[in-house]
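The values are calculated or read from the model by the stated rules, or taken from the named source; none is laboratory data. Just so it is clear, the structure is predicted and the values come from calculations on it, not from any experiment. So basically every Cβ, Gly included, is an ideal-geometry build from the backbone, and we count neighbours across all protein chains shown. For the accessible areas, the whole protein counts, side chains as well, though only heavy atoms, and no ligand, DNA or RNA atoms are used. Shrake-Rupley method; radii C 1.70, N 1.55, O 1.52, S 1.80 Å.
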Amino acid sequence: MTLHAPRPSAFTVPRVDVVRPAPVMLPDGVVREPTRPREHRGEDFDARYDATTLFYDAFRGRDGRAVLLGPPFLNLKPALAAMTVVAEPAGTACAFVIREWDRHGQVLVDVPDGTTHVALRSAIGTFRIAIAPSDVDLFAGRRVLFTLSKNNRLGWIQDWIRFARDIHGADAVLLYDNDSSHYRAEDLARAVGGVEGIAVARIVSWPFRYGPQGLDARRFWDSDYCQHGAWEHARRRFLEAAASAQNADVDEMVVSPDGGSVFEAAEDDPFGIVRYRGRWVVGIGEPAEAPGAATRHTDFQTVLRAEMRRRLGILPRDVLACPAKWTLVPSRCPENAQWRVHTVDRWPAALRMSARFGYRHFREISDNWKYARTRADRFDPALHEVDEVLRDHFAKVNWQA
């Protein structure tokens, strides 16, 4: 098997800056009211819910408009729809458009050249908001690996980058740090900067509440705003001119039996997107054992066997498969499509599923933030198999550089 993704030249990122957005908070006494019925909220709902962030950040979009993005506006929307927006220092009134998407809201403002701030006057308060410059040029033409992370070990993050670099040709990293408590954003920046072959990288400090998740796989996915905001922020402030962008968590690595680059595949796709499902990679040992502190992705090369069933009695599907992830070309994504964790809304091309690529979801690469998932299974050939494709990929990565 030959891996033909281009291998970057060996160099270290000269500098990895930490980007700190300038959030706008609601004044005392004004809150975003959740839509979830109270009987389905749970005891910790209020502590996890973001009721007070109006905007995560404000910056120049690639088309010159100011982009103000945040959680969905919900009960705040009537006041925003009736507000006045004035550009500073010009002092001119500005037209604007409000967009509300799944768990996300945006205000797009037509501002004149030279605008440094906008003043919003509304029934919920008056706000003077700084407009940051666009960072789209930083990642122009790059193959970008991006994610949202909280407290993932720095060694895990480095190995995750090395894999995408050597197997798929990633040469840029955009990492949103969701208020990690185990290290500072500057420590993360140094760790990412220590990986060779990456031309540009940024750490975005993203300290917002992640939000309550759904009750099960289908019910009440309505209040986890944080990652939806991060994805639109990544797209609009950083990635619109990237050659391609891969959405993956630190415990996920994309593989292909033919050794192809998923970035190249997205760039070659007539629509500019490749979407693929995942398989769980699990720890093997005695059931009482749990992965130790020194674990790395390379310690795990056993996957759960597929369990195929027919959907609607017709289409075979692996019921153990992990939800889809994607790699795409940002410039070919429709303007009104929304980047989401497992799909891209309002883009028919994103409904297609690739048989050429898949990703491996490492159960043991986790601090168990969501639920206690790390453990060791006894190998059972009826349930498990060694992943030869993953093993082959691992052998081609320079894990030291």
Residue match in segment 216-236 (condition: farther than 30 Å from Ile131 by Cβ, assigned to a loop (DSSP other than H, G, I, E, B), out of contact with any Gly (no Cβ under 6 Å at 6 or more places or on another chain) and of a type in the set (Gly, Ala, Ser)): yes
Residue ID - modelled with the highest pLDDT, chosen from residues in segment 7-33 that are in a loop (DSSP other than H, G, I, E, B), within 27 Å of Leu175 (Cβ to Cβ) and open to solvent by 70 Å² or more (accessible area, probe 1.4 Å): Arg20
Among (1) surrounded by fewer than 21 Cβ atoms within 10 Å (Cβ to Cβ); (2) closer than 23 Å to Ala241 by Cβ; (3) of a type outside the set (A, V, I, L, M) - the single one Asn151 does not satisfy: (2)
Selection from segment 104-148 of residues that are open to solvent by less than 20 Å² (accessible area, probe 1.4 Å), touching a Ser or Thr at 6+ places or on another chain (Cβ under 9 Å) and either closer than 25 Å to Gln227 by Cβ or modelled with pLDDT under 95 (or both): Val109, Val144
Those residues of segment 211-240 which are touching a Lys or Arg at 6+ places or on another chain (Cβ under 7 Å) and open to solvent by 20 Å² or more (accessible area, probe 1.4 Å), in sequence order: Phe220, Asp222, Glu240
Positions within segment 38-82 being touching a residue at least 60 places away in the same chain (Cβ under 8 Å), touching a Leu at 6+ places or on another chain (Cβ under 9 Å) and either assigned to a loop (DSSP other than H, G, I, E, B) or over 27 Å from Ala119 (Cα atoms) (or both), in sequence order: His40, Gly42, Tyr56, Gly61, Pro71
Residue within segment 82-91 that is surrounded by fewer than 17 Cβ atoms within 10 Å (Cβ to Cβ), among the aliphatic types (A, V, I, L, M) and under 19 Å from the mean Cα position of the chain (by Cα) present: no
